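To start, the structure itself, in structure tokens.
Bear in mind that the values in this text are calculations on the coordinates, not laboratory data. Here the structure is a predicted model, which is why all the values come from computation and not from measurement. Cβ coordinates were reconstructed from backbone atoms using ideal geometry, including for glycine residues, and neighbour counts include every protein chain displayed.
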Amino acid sequence: MEFFADWHTHSTYSDGRGTIEENIRAAVSRGLEELAITDHGPANIGVGVRGPESYLQIKDEIRKLNPQYDSISVKTGAEADITAPDGTVDLPRSIINELDIFIAGLHPYVWPSVINGVWSVVGINQAARFSRSAREKARVNNTKALKETVNRYNVDIVSHPDLRMPVDIPELAAACAAADTAIEINTGHHYDKSELVKNAAGEGVNFVVSSDAHFPATVGELEAGGLLLEKFGVPAERVVNARKSRS
Ligand SMILES: [Zn+2]
Ligand SMILES: [Zn+2]
């Protein structure tokens, strides 16, 4: 499977080590036609952007850089954090509307937007490491929150489902399929994604393969995701950023 786009990369606006331009150069050298800069939302403790307005600065920088690189189209995106059980994310709609690519995902260390979120979004996932019943509870909470997010917002991609924070994959995949949201196969985080591919594929959802690059060197490093999808018989037609064979 070959890819024309990497829609999930981080820059120095959050915890990426490369500048936007360094990520662009890396993507160009990989032969990509599209790249998105998707820095972490402001609620991600210690790594998020300074504030929602940072995305306007990023967009402005991209607008200036785009004409300098003929072979690639650079998109402004965000990887928002889910900060409450009702699926609230850490970006206002006025900012989301400015984005080309909107990714939402669960992260273990976020500032919750509501008091009861401290336990149901953050605490339960910590307890899940030590207790089976907490793990089940976390799975229910995480799945519900993700589904709410997908239903409430125009989410293009759910990032790294089931990474450290358990989710009910078929349930999430069905919600994503209905909302036209892609499930991400994340090549930057090395965790077992076999169950994710196997169980999501049956729900008719589309996939996207992303590097989640935090260094320019790994921008566009998507091969492992393609191999995994092929292993489970997912065709390129179901992978949004895969090159489609011309007949
Ligand atoms: Zn992430
Ligand atoms: Zn990321």
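Test of understanding: what is the full-extension gain from GLU98 to ILE115, defined as 0.36 nm times their sequence separation minus their Cα-Cα distance?
3.2 nm
Once phi is turned into ³J(HN,Hα) by the Karplus curve 6.51 cos²θ - 1.76 cosθ + 1.60 with θ = phi - 60°, what whole-Hz value does each residue of region 77-86 show in order, with x for glycine and proline?
For region 77-86, the Karplus-derived couplings read x, 8, 10, 7, 9, 8, 10, 7, x, 8 Hz, x marking Gly and Pro.
Taking +1 at the Cβ of each Lys and Arg and -1 at the Cβ of each Asp and Glu, which of HIS10, PRO108, ILE58 sits farthest along the dipole of the chain towards its positive end, judged by Cα position relative to the Cα centre?
About the Cα centre, the residue reaching furthest to the positive side is PRO108.
Please list, ordered by chain and number, the residues whose modelled amide H lies under 5 Å from the amide H of HIS8; skip anything fewer than 5 residues away on the same chain.
ALA36, SER211, ASP212
Just to confirm a number: summing +1 for Lys and Arg and -1 for Asp and Glu over residues other than TYR55 whose beta-carbon lies under 10 angstrom from that of TYR55, what do you get?
My count for the surroundings of TYR55 gives -3.
Tell me the net charge near PHE4. Cut-off is 12 Å between Cβ atoms, PHE4 excluded, with +1 for each Lys or Arg and -1 for each Asp or Glu.
Counting the neighbours of PHE4, the net charge comes to -1.
Would you mind checking LYS59/LYS147; LYS75/LYS244; LYS147/LYS193; LYS198/LYS244; LYS147/LYS198; LYS144/LYS193 for any pair whose Cα atoms are more than 24 angstrom apart?
Exceeds cut-off: LYS59/LYS147.
Looking at region 3-129, what % of the alpha carbon pairs are farther apart than 17 Å?
Across region 3-129, Cα pairs with separations above 17 Å total 57 percent.
Using the Karplus equation 6.51 cos²θ - 1.76 cosθ + 1.60 (θ = phi - 60°), what ³J(HN,Hα) coupling, rounded to whole Hz, does each residue of region 87-96 give in order, writing x for Gly and Pro?
Karplus-based 3J(HN,Hα) across region 87-96 equals x, 4, 10, 8, 9, x, 4, 4, 7, 4 Hz.
Could you state the principal axis extents of the C-alpha atoms in region 5-238, from the largest down, to the nearest angstrom?
Over region 5-238, Cα extents along the principal axes are 53, 41, 30 Å.
If you add up the charges near ARG129, with Lys and Arg at +1 and Asp and Glu at -1, over every other residue whose beta carbon is less than 10 angstrom from its beta carbon, what do you get?
+2
What are the residues whose amide H is under 5 Å from the amide H of PHE232, where those residues sit 5 or more places off or on another chain and H is modelled from the backbone?
none
Using a Förster distance of 51 Å, how high is the FRET efficiency between GLN68 and GLU237, based on the Cβ-Cβ distance and rounded to 0.05?
Calculated value: 0.95.
In deg cm²/dmol and to the nearest 500, what is the mean residue ellipticity at 222 nm of the chain if only DSSP H runs of at least 4 residues count, each as -39500 (n - 2.57), divided by the residue total?
Only helices count here, giving -9500 deg cm²/dmol.
About the Cα centre, and with charges only on the beta carbon of Lys, Arg (+1) and Asp, Glu (-1), how big is the dipole of region 5-238? Nearest 20 debye, please.
Charge dipole, region 5-238, about its Cα centre: 680 debye, nearest 20.
Give the distance, in whole Å, between the Cα centre of region 138-190 and the Cα centre of region 45-85.
Cα centroid of region 138-190 versus Cα centroid of region 45-85: 21 Å apart.
Give the percent of DSSP beta bridges with both residues in the chain that are antiparallel, rounded to the nearest 5.
Counting DSSP beta bridges with both partners in the chain, the antiparallel share is about 10 percent.
Which of the helices in the chain meet the span-like rule: DSSP H, Cα axial reach of 27 Å or more, Kyte-Doolittle mean at least -1.0?
For the chain, where a helix must reach 27 Å along its axis and average at least -1.0, there are no hits.
Using a 10 Å cut-off around each Cβ, can you sort ASP90, ASP162, ASP15, ASP60 from fewest to most neighbouring Cβ atoms?
So the residues, fewest neighbours to most, are ASP60, ASP15, ASP162, ASP90.
To the nearest 20 debye, what charge dipole does region 192-247 have about its Cα centre, counting +1 at the Cβ of each Lys and Arg and -1 at the Cβ of each Asp and Glu?
280
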